[in-house]
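Beneath this line is the structure, given in structure tokens, with notes to follow.
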Amino acid sequence: MTACTGGAELLIARYGEMWLKGKNRRLFEEALVQNVRAAVAPIAKVVVRREHGQLLLRPERRYEEVARRAAEVFGIASLSPARSVKPRLDDIVEASRVALAELVETLPADRRVPFKIEVRRSYKQFPMTSAELENHVAERTIGPHEHRLRVDLKGAEVKVGINVRPEQVYVFAERRPGAGGLPVGTIGHAVCLLSGGIDSPVAAWMTMKRGCTVAYLSFHSSPYLGAGSKRKIAELVRSLARFQPTSRLLIAPFAEIQTAIRDHAPEGYRTILYRRMMQRIGSRVAATERAGVLVTGESLGQVASQTMENLTCIEAASSVPVLRPLIAFDKAETIVLARRIGTYDISVLPEPDCCTVFQPAHPTIRGRVQECERAEEELDVAGLVDRAVEGIELREL
Amino acid sequence: MGTVLYLDHAATTPLAPEVHAAMEPYFAGGFGNPSSRHPLGVQAAEALDEARRRTARAVGGRPRDVVFTSGGTEANNLAVLGFARARRRRGAHVVLGPTEHASVAEAGHALAAEGFEVETARLDAGGALDLDDFARRLRPDTVLVAQMLVSNELGTIYPVARLARLVRRASPEAALHVDAVQAAGKLDLSLPELDADSIAVSGHKIRGPKGAGALVLKPGTRPPSPLVFGGGQEGGLRSGTENVAALVGLGAALELASDRAPETAAAMEAARTRLRERLARVGGVRPLEPGDRLAPSILAVRVPGAPAEVWQHHLEVRGVMTSVGSACQANKGGVSPAFAAAGLSEDDARRVLRLSLAADSGPLVDAAADAFEEVAAELAAEVG
């Protein structure tokens, strides 16, 4: 039924080793299997099995899409399209021959690429040693490609891998990088403040990469802003939704807080005070969402509100720890990631976010916590926060 | 005329009830312009977002790489003209598949008039795509290759993924465009699997509405130059206020088609096999099955005696709706390449009937075959 016939029928997905020690190993592996299953299920029926410290995926159809999707699942270190054959010599040679021919098609034609055959043999009863099998296969497969390949055991740029197991032998050539990181759901839960800009979606992605699930909290200044900015936020969350099982977007009304700050606080402090209120609302949401931390897209010194002093003022209003995965990132580095994960094009849509409402002409660069607290004495902080939390609109995406 | 035995699904299909229901809200209350900033506009934009996601998912692409068009023809035009023009500085050589739909072939003529060197690949003696010949035509300055996935005339499936490997190696500057209008919903349509730069799909071939189609681009490919200029909709690639209801319908139809593709293919295959068996037993009727693989949706036959048109009208009196093979190329009056490769003379080519199936055609097959037998007897009596 596939429109085209790629040769491999299996995918070998390898996972990182760092966390494979100790009692948590099983939990991690189970979470990973579950996440891989959930990720590929919408594409096709895929049998996912754990075997000898790696995952085997057998897609019924849409092989390439399944491969690409699986490569995005956190915890996967690398993937290889593979064939499986019975542990019979002729079958191994034939599968290697086909895998090699496919590999050669992807190689540059202007030089001979260093290459080797690498056997791993956990089936010790197999009648040949690893080295013998390597030679046997090499002698029978390289012939037609000698002008494109040269055997180089130490400096090989490409290889055909042969894993000999008692029941099955897996033959593969290509090795694709996986997303790395840890299986989502194994580390904890976080609330990510999402602005609609370029940075915060990347911060959310990085948080998921390290094994956290993420709920999104955004602020909306209706009627100063229209429904378009909500649509943009929802699109951002949707584009990140593939990285975790379910995504919850909470949108808190923010206009009342902004007008109160505009009317009662020094203009230069507006942005800092907005953000302090966001931290308070975020801390409340973290409690109800059972999240351990807040995550923001802040980067040191990137804008006026992100000086060290202002970050200090902002964080002081939070009652839970604030993680800033992008703290040392240049904008350009963040943009590279945003493009890769697919949020960039949405982030640059010309929809204002709530921070632009009543934006001060000259924001304070070196805010002081005491000043913030003094300004907030003029506000009904608790009441404003309560009403914002009560007004939260939830979207499950 | 009693019961209609509609066997012309390659021409168009009836709207699926689910698709109709999905479109309904956007005819009346949800009339907003997706570019408007008020809630009615945003609601329409969100409907388009969802349609874009569904379209992308159905073909294995990304939502932001979906360019909605007025149908398959515009999608093909945009790819052929747009890709070639956008890459003009890198070369001016174009290779088109041997049996392309007019919306590709005629766009190729337009490119030739602009100074592009446009070649047409060929089929081998068995009616399959001649990949060796194709490979010989590919050059470093080739900027566009267009190859359909399923022949609208005979149902042949062409090996696009294998062609893609040849194109990538020989013509790194080339965009590979795939007209998948007849493939959607019958084959598993997957942009990454095909490794194409773009594929064109159409709504009304898969129980969606007419006037809605899409060109879905490969992530990161240099986009085509637009053909329609204006307000910058569709990422600037296709200006003009979007036909929201129709595009919502397209998204819904593609999703249904894609989800059901395996079952649809199996049901079509069964119906096609039965129809082929029955028709092959009608004296003088010969199934045409060129190439290595055939789509389950199309059965073309050469009919004996009278020209296909006469058969068509005799069949339609009995409620059987078919299509006369596009025997003559509009420009030259010769035999179409697909027919020539199937071994058909000019005279044969006038006697090709195309029957095209849907997932639910099975129960109609025997009645249609009965009609064929009646027509065969009637026409034979006339000749005699």
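No value in this document is a laboratory result; all are computed from the given coordinates. Values in this document were obtained by computation on a predicted structure and should not be read as measured data. As a convention, Cβ positions derive from the backbone with ideal geometry for all residues, glycine included, and neighbour counts pool all protein chains shown.
Modelled spin labels at B:LYS210 and A:GLU72, positioned 7 Å past Cα toward Cβ, are 3.7 nm from each other.
Provide the percentage of antiparallel DSSP beta bridges, counting only those with both residues in the protein assembly as shown; round to the nearest 5.
About 55 percent, rounded to the nearest 5.
A simple charge model with +1 on the Cβ of Lys and Arg, -1 on the Cβ of Asp and Glu and nothing else charged puts the dipole of region B:78-171 at about 620 debye relative to its Cα centre.
Select from region B:88-187 those GluC sites (Glu not before Pro) which occupy a DSSP coil region and have at most 15 other Cβ atoms within 10 Å, ordered by residue number. Present the calculation step by step, with values, prior to reporting the outcome.
Values: sites: B:GLU100, B:GLU106, B:GLU114, B:GLU117, B:GLU119, B:GLU153, B:GLU173; in loops: B:GLU100, B:GLU114, B:GLU153, B:GLU173.
Those satisfying the criteria are B:GLU114.
On the beta carbon distance between A:GLU390 and B:ALA270, with R0 = 45 Å, the FRET formula returns roughly 0.15. Of the residues A:ILE257, A:ALA241, A:ALA338, the one whose Cα sits farthest towards the positive end of the charge dipole of region A:235-361 is A:ALA241 (charges of +1 on Lys and Arg Cβ, -1 on Asp and Glu Cβ, taken about the Cα centre). Ranked for footprinting exposure by Cβ neighbours inside 10 Å, fewest first, A:TYR123, A:TYR170 give A:TYR123, A:TYR170.
Stretched out straight at 0.36 nm per residue, the stretch from A:LEU89 to A:ARG58 would grow longer than its current Cα-Cα span by 8.8 nm. Rounded if a/c is under 1.5, else prolate if a/b is larger than b/c, else oblate: which is region B:195-243, with a ≥ b ≥ c the root eigenvalues of its Cα gyration tensor? It comes out oblate by the Cα gyration axes.
Could you tell me which of rounded, prolate or oblate describes region B:155-227, using a ≥ b ≥ c as the square roots of the eigenvalues of the alpha-carbon gyration tensor, with rounded for a/c under 1.5 and, failing that, prolate when a/b is larger than b/c and oblate otherwise?
On the way: a/c = 2.56, a/b = 1.39, b/c = 1.84.
Taking the square roots of the gyration eigenvalues as a ≥ b ≥ c, region B:155-227 is oblate.
According to the square roots a ≥ b ≥ c of the eigenvalues of the Cα gyration tensor, what is the shape class of region A:130-273, taking rounded for a/c under 1.5, prolate for a/b larger than b/c otherwise, and oblate for the remainder? It comes out prolate by the Cα gyration axes. Taking a point 7 Å out from the Cα of A:GLN359 in the direction of its Cβ, the residues of region A:186-205 whose backbone N falls within less than 16 Å of it are A:195-200.
With helices as the sole contributors, chain B gives -11500 deg cm²/dmol at 222 nm; each DSSP H run of n ≥ 4 counts as -39500 (n - 2.57), and the sum is divided by every residue. For the protein assembly as shown, the alpha carbon convex hull comes to 189 Å³ per residue, rounded to a whole number. Per-residue ellipticity at 222 nm, computed for chain A from helices alone with -39500 (n - 2.57) per DSSP H run of at least four residues, works out to -11500 deg cm²/dmol. Between B:ASP292 and B:ALA102, residue separation times 0.36 nm minus the direct Cα-Cα distance comes to 66.1 nm. For chain A, the share of DSSP beta bridges that are antiparallel, to the nearest 5, is 55%. Would you mind checking the tilt of helix B:102-113 against the longest principal axis of the Cα atoms of chain B, expressed as 0 to 90 degrees and rounded to 10? Helix B:102-113 sits at roughly 60 degrees to that axis. Among B:VAL150, B:VAL335, sorting on how many other beta-carbon atoms sit within 10 Å of each Cβ, with the fewest leading, yields B:VAL335, B:VAL150. Sorting B:THR55, A:THR141 from the fewest to the most surrounding beta carbons within 10 angstrom yields A:THR141, B:THR55.
Checking every one of the GluC sites (Glu not before Pro) in region A:327-397 against DSSP loop status and a limit of 10 other Cβ atoms within 10 Å picks out A:GLU377.
Farthest toward the positive end of the dipole of region B:192-291, out of B:LEU250, B:ALA271, B:SER198, is the Cα of B:ALA271, where the dipole comes from beta carbon charges about the Cα centre. In chain A, excluding the sites themselves, the longest stretch lacking any of the trypsin sites (Lys or Arg not before Pro) that are in a DSSP loop with at most 12 other Cβ atoms within 10 Å is A:155-289. Modelled label positions at B:HIS20 and A:ARG242, each set 7 Å beyond Cα in the direction of Cβ, lie 3.4 nm from each other. For q values of 0.10, 0.12, 0.15, 0.23 Å⁻¹, compute log₁₀ I(q)/I(0) with the Debye formula on a Cα-only model of region B:111-215, without solvent. The Cα Debye sum returns log10 ratios of -0.30, -0.43, -0.66, -1.30. Once C-alpha pairs closer than 8 Å and six or more residues apart are averaged by separation and normalised to the residue number of chain B, the relative contact order reads 23 percent.
Relative to one another, the C-alpha centroids of region A:331-389 and region B:178-239 are positioned 38 Å apart.
Please name whichever of A:PRO352, A:LEU55, A:GLY185 sits farthest to the positive end of the charge dipole of chain A, dipole taken about the Cα centre and charges placed at Cβ: Lys and Arg +1, Asp and Glu -1. Towards the positive end, the residue furthest out is A:LEU55.
In this structure, A:ASP110 and A:GLU373 have a Cβ-Cβ separation that, at R0 = 56 Å, corresponds to a calculated FRET efficiency of about 0.25.
Note on B:GLU382 and B:HIS109: the model spin-label points, each 7 Å out from Cα along the C-beta direction, lie 3.2 nm apart.
Tilt of helix A:331-341 relative to the longest C-alpha principal axis of chain A, in degrees (0 to 90, nearest 10)? Rounded to the nearest ten degrees, it is 60.
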